[in-house]
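The values are calculated or read from the model by the stated rules, or taken from the named source; none is laboratory data. Because the structure is predicted, anything quoted here is derived from the model rather than measured. So basically every Cβ, Gly included, is an ideal-geometry build from the backbone, and we count neighbours across all protein chains shown. Heavy atoms of the whole protein, side chains included, go into the accessibility calculation; ligands, DNA and RNA do not. Shrake-Rupley method; radii C 1.70, N 1.55, O 1.52, S 1.80 Å.
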Amino acid sequence: MLNHMIHVPVSILCFTANFLLIREIHVANVASTGFCQPPTSAGGQQHESHGDLRSLSSSLFIIILHFLYEIMAVHGPVVKIHPVVLASIVDSYERRNEGATRVIGTLLGTTDKHSVEVTNCFSVPHNESEDEVAVDMEFAKNMYELHKKVSPSEVIIGWYATGYDITEHSVLIHEYYSREAPNPIHLTVDTALQSNKMNIRAYVSSQMGVPGKTVGVMFTPLTVKYVYYDTERIGVELLQRTRASPSRTNGLTTDLAQVASAAGRVQEMLTTVLSYIEDILSGKVMADNSVGRFLMDLVNKVPKITAEDFESMLNSNINDLLMVTYLANLTQAQIALNEKLVVL
């Protein structure tokens with residue numbers, strides 16, 4: 001996929017690799033940062049000749065890699081993440097074993113030609129040290145089989161890890177997921193809030209290096225977007241309201257309060273739209289054709305109905321709702337009464 005996605009940056013990369021090879025620069029340990037190390041002799045000492053040339057070549061190579069990152073991030077697939085995935089990742093991090101620095105897990109979702117949608121995930125037990133990493137692959141397979149029984153449409157699309165950087169162990173874990181899914185994505189979630197916010201990044205990997213020499217893996221960033229279902233939006237809004245609470249808690253509101261809140265938000269949005277239109281008509285703001293098309297679509301979607309007909313329809317729906325509520329309460333009371341009579 002990546003070879004068909006970009007052609008010019010790959011040519012530049014090949015030119016740069018040949019440029020480094022002519023000057024006896026060996027590509028080594030190319031991972032998430034894409035850094036190149038100078039060659040070493042048999043005794044482990046670095047060559048000191050042509051130091052300035054090697055430094056210039058390495059700097060040029062890094063510049064080309066960063067340019068390649070930006071190009072592929074623009075033209076690569078878009079990663080769409082649902083809120084339930086982020087909540088599950090944070091929950092698994094809070095419940096991690098004592099002494100564990102990060103948690104990993106499997107990402108589930110769907111893919112198409114232009115995007116990857118992450119709709120679910122589950123954590124995978126693992127042990128990690130400076131020298132080795134051990135992942136419970138059998139647990140991951142069993143969990144995926146259970147998920148397929150509930151949501152057959154969700155497939156393995158990659159894996160996640162908490163933390164800010166991509167480590168050497170990430171390459172090994174990514175190699176396993178490459179056997180489970182074609183071109184898997186790697187999602188990193190900065191649960192430590194190193195930059196005072198939770199950075200969320202997605203990557204795809206591709207092999208690179210000089211033919212016949214060291215071959216490494218390059219993780220290329222992708223564009224990340226956040227999407228949600230209507231049911232998820234209700235939960236997200238409830239969580240946002242806890243920010244204004246001193247105790248960081250908030251209870252569920254009644255149906256009538258939710259209707260009133262939704263009507264208030266609609267009124268605020270209509271006020272914003274009317275203010276924007278008035279500014280355009282008065283010449284304070286330049287007209288935007290794209291915004292005008294969106295407003296035209298919005299107006300066309302509003303049904304043409306008189307105020308009297310709308311009031312009659314609304315009252316009829318309210319009466320139906322009240323009737324259903326009354327029948328539900330009557331049925332509940334009848335069941336409770338029947339249970340007490342059976343006991344007697």
Residue-ordered couplings for the range 120-128, obtained by feeding phi - 60° into the Karplus form 6.51 cos²θ - 1.76 cosθ + 1.60 and rounding to whole Hz (Gly and Pro as x), are 7, 6, 8, 7, 10, x, 7, 10, 9
Cα Rg, Dmax, the range 254-296, angstrom units:
14.1, 44
Cross-link pairs Lys80/Lys197; Lys113/Lys149; Lys141/Lys225; Lys149/Lys340; Lys149/Lys301; Lys148/Lys197 - those with Cα-Cα distance over 30 Å
Lys149/Lys340; Lys149/Lys301; Lys148/Lys197
Between the range 280-315 and the range 118-135, the alpha-carbon center distance in angstrom:
51 Å
Round to a whole angstrom and tell me the spacing of the C-alpha centers of the range 214-274 and the range 141-183.
27 Å
Sequence neighbours fewer than 8 away in the same chain don't count; with that in mind, list the aspartates and glutamates whose C-alpha is under 13 Å from Lys213.
Glu24
What is the spin-label model distance, in nm, from Val90 to Ser151 if the labels are put 7 Å beyond Cα along the C-beta direction?
1.9 nm
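From the C-alpha gyration tensor of the range 258-326, pull out the three semi-axes of the equivalent ellipsoid (sqrt of 5λ each), sorted largest to smallest, in whole Å. Don't jump to the answer; show the numbers that get you there.
Working: eigenvalues 232, 41, 21 Å².
The three semi-axes for the range 258-326 are 34, 14, 10 Å.
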FRET efficiency, 1/(1 + (r/R0)^6) with R0 35 Å, evaluated for Thr253 and Ala100 via beta carbons
0.40
Using a Debye calculation, one point per C-alpha and no hydration shell, please list log10 I(q)/I(0) for the range 140-273 at q = 0.10, 0.11, 0.21 Å⁻¹ in order.
-0.58, -0.68, -1.29
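In nm², what is the average projected area of the convex hull enclosing the Cα atoms of the range 120-187? Kindly include the intermediate steps, with their values, before the conclusion.
Working: hull surface 19.0 nm².
For the Cα atoms of the range 120-187, the hull's average projected area reads 4.7 nm².
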Would you kindly derive the ³J(HN,Hα) couplings of the range 321-330 from the backbone phi angles with the Karplus curve 6.51 cos²θ - 1.76 cosθ + 1.60 (θ = phi - 60°), listing them in order in whole Hz, with x for Gly and Pro?
5, 5, 5, 5, 5, 5, 5, 5, 5, 5
Would you grab the residues whose amide H sits under 5 Å from the one on Ile185? Only those 5+ places off in sequence or on another chain, please, with H modelled 1.01 Å from N.
Gly158, Trp159
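Tell me, what is the per residue accessible area of the range 210-320 in Å², probe radius 1.4 Å? Mind showing how you got there, number by number?
Working: 9150 Å² over 111 residues.
It amounts to 82 Å² per residue over the range 210-320.
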Amide H neighbours of Val116 under 5 Å, counting only residues 5+ apart in sequence or on other chains, H built in-plane at 1.01 Å?
Val78, Val79, Lys80
For Gly105, list long-range residues whose amide hydrogen, built 1.01 Å from N in the peptide plane, is under 5 Å from its own amide hydrogen.
Val124, Tyr160
